[in-house]
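Only one structure is covered here, and it is reproduced in the block below.
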Amino acid sequence: MDRQLFHGMLKDMLLARSFEERAAQEYSAGNIAGFLHLYPGEEAVAVGVIHAADQSDYIVSTYREHVHAMVRGVPPRAVMAELFGKLDGCSKGMGGSMHLFDRERRFMGGYAIVGETYPVAIGLGYAIAMQRLPEAVICFFGDGAVNQGTFHESLNMAALWKLPVLFVCENNHYQIGTEIHRHSAVSDVYQRACGYDIPAHKVNGMDVLEVHAKTGEALQRIREGTGPQLLEMETYRFRGHSVSDPGSYRPRVEVDAFRQRDPIKQAEREAQSLYPDAQQLSAVGADHIQLFSAHLQQQDLINEQEIVKLQQQVDSIVEDAVQFAQQSPQPDMQQAWDALNCNRADEVLI
Amino acid sequence: MVEQVTYYQALNRALDEAMAVDDTVFTLGEDVGLYGGSYRVTEGLYARYGAWRVRDTPISEGSFTGLGVGAALIGMRPVVEIMTVNFALLALDAIINMAAKIPFMSGGQFPMPLVVRMPGGVAKQLAAQHSQRLEHTLMNVAGIRIAVPSTPQDAYWQLQQAIRSNEPIVLLEHELLYFSKAELDTVQPAIPMHRAVVRRSGSDITLISYSRTAILAQQAAQQLAEQGIDAEVIDLRSLRPIDWQTCIDSVNKTHHVLIIEEDSVYAGAGAEIAAQLAERCFYILDAPVARHGGLDMPTPYNGQLEALSIPTLDSIAQAASKVLEGEAE
Ligand SMILES: Cc1ncc(C[n+]2csc(CCOP(=O)(O)OP(=O)(O)O)c2C)c(N)n1
Ligand SMILES: [Mg+2]
């Protein structure tokens, strides 16, 4: 594992957690309104997947997409400002939490009608394939979203025309209050892909390294021109469906069990376990010291101080984002009309 | 018996009573069961009637609304809950192509005792995909009926009437009305489902509205009264059919009309009302029929812009004064 990549992913996961917890606070403080769907618990999915993608790949996401946007490179300032409904938000305050867009970074939107990400993604994929470009599309969706007709329609077309689309299911086991066994006849989402002959795998979505590796392999095959792939990421949301949902329909033991598998703690443990403590070092015989430090240099990914430093960094990024959002101006009505009419510049209509 | 209840409780009561006396009544939709409904309309019913009659569905609006159509064909009385009208766009095939057409296309062989309930409207910063209204789309569909209750009493009556009817009926509820409280009388006999009601009588101008804006219109009328304008307020309660006689009787008194809707006025519900009243009341009007409604744009997320995009108490009162001053919008 590449040290820099690992640090990048851990930092993004910490940022994700910190950003979302702060967004919840800002919601309570009245600075954010509407529906706010948060991502704690699911960080390893967006982070692992998007880090495995190229900058030239497109991302299509749902209403639970703050983290996807930030990992893709949308500045936390622009995301927070959008949650505040301000002019410097990535959608100029017109879209809000559920509708983040950033054309330049190929972040093709947050969609709030369940099942919309698939057709948008295959449209992008069609345009890419038609032009024989080396790019791919990553299409996110929830476990509840696979029962929408568009899932089946889009998978069929994607497979039929070998479109370069990676379908990524964020299976957090719930469709708001309805548990997956009560909404799906087949609860292994990846199995559904076989009806369209699309290669598909189940991935431990709490393990960022596994997510990253499996995504990399899938994208590799997509770039070889073999058509779409599907990955089912098994994950869990620690909070309710949105900030207004207490999530009380979920058994306490279930929530606790998944909290034990917190993807951030898991990534930290994984990294630290490779970094020997003083006792372990002294236990190593003199002959081995040289060998061992060479090995260490390759393997040591992170130590505790570095994690503390990363945490401090992300906390100040989040604080800065909030300050920025607070100071950003409100959009005015003319700007709303401009957004509506943005595509009619030179046309004579009447 | 008269009680103070919320709008969602009134709907709950109506559904519960209908289910208790008629085994063919069942409800289905996302999170209506175990969760008790997104707006609590089906609270407690899952425990009382079980999973077959209070069915939690997958996110498959097109097909579960179609399921309602199928079940209605052979005598069931399904009450489909679509979480919000925004998602009903995926169920329009079932509503428009199936429910509205089958009784007609079959030469009148089949009943269609289907109820489709859903809230719509601008709530609080839910953004463009979650703030829509569907009345304009459905009003143009022959073969369905549309009720738009604004009070707990109407919600109770109209849901019960809809369940008993053999025609397909869409109940458009409003997201901001669910927790509003008012009197519910469960003993008093219901007025006909599609009759309009004069909520306030007055002699200067007729304010015609429905759903949440009907409530705003009543408040605006009070404000107008302070300015010496005596407004009559009509709550249509229904958009298909519309009770024209109640409107005409009012215009006969006031000679001025302002139609208020939350939706964009461009080809909105008010367009039909204005056209009909212009045709029917031309010679008794002292000013052109006026409309006041939402801006012709998707709803912005930003809170200030959102508030400016739909009618408010003040904007309604202003629009009414303008009609009387002869300078309509
Ligand atoms: C077509 C449609 N129906 C219903 C909803 C309301 N709704 C929003 S999110 C959601 C649950 C989605 O669950 P899932 O796909 O598993 O995603 P998760 O929220 O768990 O990430 C529902 C029913 C919607 N937004 N769109
Ligand atoms: Mg889910």
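The values are calculated or read from the model by the stated rules, or taken from the named source; none is laboratory data. Every value quoted in this text rests on a predicted model; they were computed, and no experiment measured them. Quick reminder, even Gly has a Cβ in these numbers, built from the backbone with ideal geometry, and neighbours come from all protein chains shown. Side chains included, ligands, DNA and RNA excluded: accessible areas come from the protein's heavy atoms. Shrake-Rupley method; radii C 1.70, N 1.55, O 1.52, S 1.80 Å.
Some observations on this one:
- The alpha-carbon atoms of region A:100-166, seen along their principal axes, cover 32, 30, 13 angstrom, with the largest extent given first.
- With protein chains left intact and a 1.4 Å probe, residues in chain A average 44 Å² of accessible area per residue.
- Interface residues in region B:53-67 - accessible area drops by 40 Å² or more relative to the isolated chain, probe 1.4 Å: B:ASP56, B:PRO58, B:ILE59
- Protein heavy-atom surface of region B:197-323, 1.4 angstrom probe: 50% of the accessible area is carbon and sulfur, with nucleic acids and ligands not counted.
- 1.4 Å probe, heavy atoms, protein only - residues of region A:310-350 losing at least 40 Å² accessible area vs chain alone: A:GLN330, A:MET333, A:TRP337, A:LEU340
- For chain B: accessible area per residue (Å², 1.4 Å): 38
- Rounded to the nearest 20 debye, the dipole size of the protein assembly as shown about its Cα centre is 1020 debye, using +1 on the Cβ of Lys and Arg and -1 on the Cβ of Asp and Glu.
- Extreme residue, positive dipole direction of the protein assembly as shown, given options A:ILE302, B:VAL251, A:SER187 (C-beta unit charges): A:SER187
- Rounded percent of accessible protein surface that carbon and sulfur make up, chain A, 1.4 Å probe: 51
- Near B:THR299, once Lys and Arg are set to +1 and Asp and Glu to -1 for all other residues with Cβ below 15 Å from its Cβ, the sum equals -2.
- Across chain B, Cα pairs under 8 Å and at least six residues apart give a relative contact order of 16 percent.
- Each of B:VAL85, B:MET297, B:ASN97 was scored by the projection of its Cα onto the charge dipole of chain B, and the greatest displacement toward the positive side belongs to B:ASN97; charges sit on the C-beta of Lys, Arg, Asp and Glu.
- Flagged links, alpha-carbon separation over 26 Å, of B:LYS124/B:LYS181; A:LYS86/A:LYS214; A:LYS162/A:LYS214; A:LYS11/B:LYS124; A:LYS92/A:LYS265; A:LYS11/A:LYS214: A:LYS86/A:LYS214; A:LYS11/B:LYS124; A:LYS92/A:LYS265
- From its DSSP helices (H runs of at least four residues, each -39,500 (n - 2.57)), chain B gives a residue-normalised ellipticity at 222 nm of -10500 deg cm²/dmol.
- In summary, the lysines within cross-link reach of B:LYS253, defined as a Cα separation below 30 angstrom excluding same-chain residues under 8 places away, comprise B:LYS322.
- Buried accessible area, chains A and B (both chains, 1.4 Å probe, Å² to nearest 100): 2800
- Other residues whose C-beta falls under 13 angstrom from the C-beta of A:LEU219 contribute a net charge of -2, scoring Lys and Arg +1 and Asp and Glu -1.
- Computed per residue of chain A from DSSP H runs no shorter than four, each worth -39500 (n - 2.57), the mean residue ellipticity at 222 nm is -14500 deg cm²/dmol.
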